[in-house]
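Structure record follows, encoded as structure tokens.
The values are calculated or read from the model by the stated rules, or taken from the named source; none is laboratory data. Given the structure is predicted, the values throughout are model-derived calculations rather than measurements. No Cβ is skipped: glycine too gets one built from the backbone with ideal geometry, and neighbour counts run over all protein chains shown.
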DNA sequence: ATGAAAGCGCTAACAT
DNA sequence: ATGTTAGCGCTTTCAT
């Protein structure tokens, strides 16, 4: 019983079993042409020595890893965590592992992810682009399969799956207007950002709905912030403290909405009586909140399906096909933070 | 401008620049002893050919990947998503990437994670063990650094960081008792499970607190379930439908508590007036809920610190040290789903 | 059914 | 400052 002192290689096993490394390799990979008795001997040696295959070597040889990477801005955002779970389910059915990493929504983080992937650690990459600019992304040379998700309009070089941010935001705002809100705060709007960023697109939907309804917007109701719970909380608190009146809230994400709800409660405002609230993402917890959160469902399953389909296609095909641009429709889910529509 | 037809290797670059591969390697890795003019030439060739380093080869050679794996039961559980984020912050400071994968809380998934790691795709692995049994885990031969987290008492072969489940649950239950609850439902208790599983440990704390207070428990108040929102919801609904009275709820996780709160609201029960509720995990959203959720904080930062410390130690040390067992203390955070303690 | 040789793309060690 | 040699551990030929 030899203790595996440091690293046991195939050669060690081969020597111990009195065969060639090739035969060991054949046994390990379940290839057919190995005698039953030889196989036994090899297996015994493997157990005895505690042999473990070296994937790095295998990958170098095979040129593939069986791993798909998912790079998201932040691991703890429910939207991405839930997307990751959906993707994991789907890829698993195709015998692929999925691993999740984060980019911190930074240019560098996003570039790193592509680099890591194209450097052959992943057979394919799903990249949520936030900060990387289309031009930069376009320059990234990559032969390896990449599907870009996220809100920005990206260069046509890559397959791209996105939700319909503008229309979703339009629906959310239109619903608030239809149910009686007239001054709708936009939480998370980040003015001065790229024209194709998620906040800008959702702000655009907010503006369009106002225009369509002939209701004026007030720029003081646009509160810039990040996407954390405390941001929604602080945004509302700040509006109240500054005495900027509002009777509706469109939060750029459900997480922000949850923070906002808390601030409204602290201020003694009732929801939806005094203020109506709509979020975006329709994360799992939204329907369990009290009151349950009206939100925009960005088409989770359709999105996951499209991503998997496009990536597998790239991974399978010999010749690259034309890049696809896939927009998944969004749909408002009305719940208790908004009043019922008049019939 | 040659199009990178398939794979450009260092050798290609070397040829094109009229140097040896070694010089190319030196340039790429920023090693000092390269002439300025040569460096220029090499860099030019790299750009021109669109050369990209092959990490698989690098790793085979270097024997390390710079990647730490984190294997958790489910990607979308807030507790794990938030843990992942904390760990990512810390490892990043040490120049390590962290990637997250899921095990589905299954034996096989957990074994796969160890296999993947020890097969040298990760320099270290943080494994949340749920289903794998200590004996099985012990048999997994691995030279590669592993830190086990999770509730089960694991074999002493591995460094292990865990929260104080029993004491946390005891605090939660004691608080409910101290604030007047007498019939406390236990949501998520899974009877007949391993003696060291998380549900069992937390159930034990629940029982201990009752014993200490001289209050009898009622086994009908123990509702088995998984850890999703809908489980908490269904658990409460089921208790109510079956007419099993209760005036307190200890949910095994905050997520379950959120589901429970919704079911209580649906039944027209007030919290904390009619029923007090305590969760476990103190996830970020708990303090923003309305009413905010009283919960057990399992010591998030202390836990992350301990994990990182132990793993880095293993990754650094030549000789393996004695395995460490680290228990992080838990602490109740009283909020609005429970009544104030009588002064 | 099994083995020998070659080499995946890189880098550490040792020349020059 | 740059090149040569050797080899990481595996698998793909192509023998036998």
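Just a few scattered comments:
- Qualifying positions in the stretch B:111-128 - more than 12 Å from chain A (Cβ to nearest Cβ) and modelled with pLDDT under 90: B:111
- Going through (1) buried (at least 20 other Cβ atoms within 10 Å of the Cβ); (2) under 20 Å from residue A:287 (Cα atoms); (3) at pLDDT 95 or above one by one, residue B:249 falls short only on (2).
- Qualifying residue in the stretch B:24-38 (condition: away from DNA strand C (no atom under 16 Å from the Cβ) and out of contact with any strand residue (DSSP E or B) (no Cβ under 6 Å at 6 or more places or on another chain)): yes
- Checked against the criteria, residue B:70 counts as more than 9 Å from DNA strand D (Cβ to nearest atom) and either crowded, with 18+ Cβ neighbours inside 10 Å or within 14 Å of chain A (Cβ to nearest Cβ) (or both).
- Among (1) within 12 Å of DNA strand C (Cβ to nearest atom); (2) within 29 Å of residue A:73 (Cβ to Cβ); (3) at pLDDT 90 or above, the one test that residue B:52 misses: (3)
- Among the residues of the stretch A:237-252, those that are out of contact with any helix residue (DSSP H, G or I) (no Cβ under 7 Å at 6 or more places or on another chain) and within 21 Å of residue A:178 (Cα to Cα) comprise A:245, A:247.
- Checking each residue in the stretch B:88-102 for being touching a strand residue (DSSP E or B) at 6+ places or on another chain (Cβ under 8 Å) and more than 9 Å from chain A (Cβ to nearest Cβ) picks out B:91, B:96.
- When restricted to residues that are crowded, with 20+ Cβ neighbours inside 10 Å and closer than 15 Å to residue B:128 by Cβ, the stretch B:89-108 contains 6.
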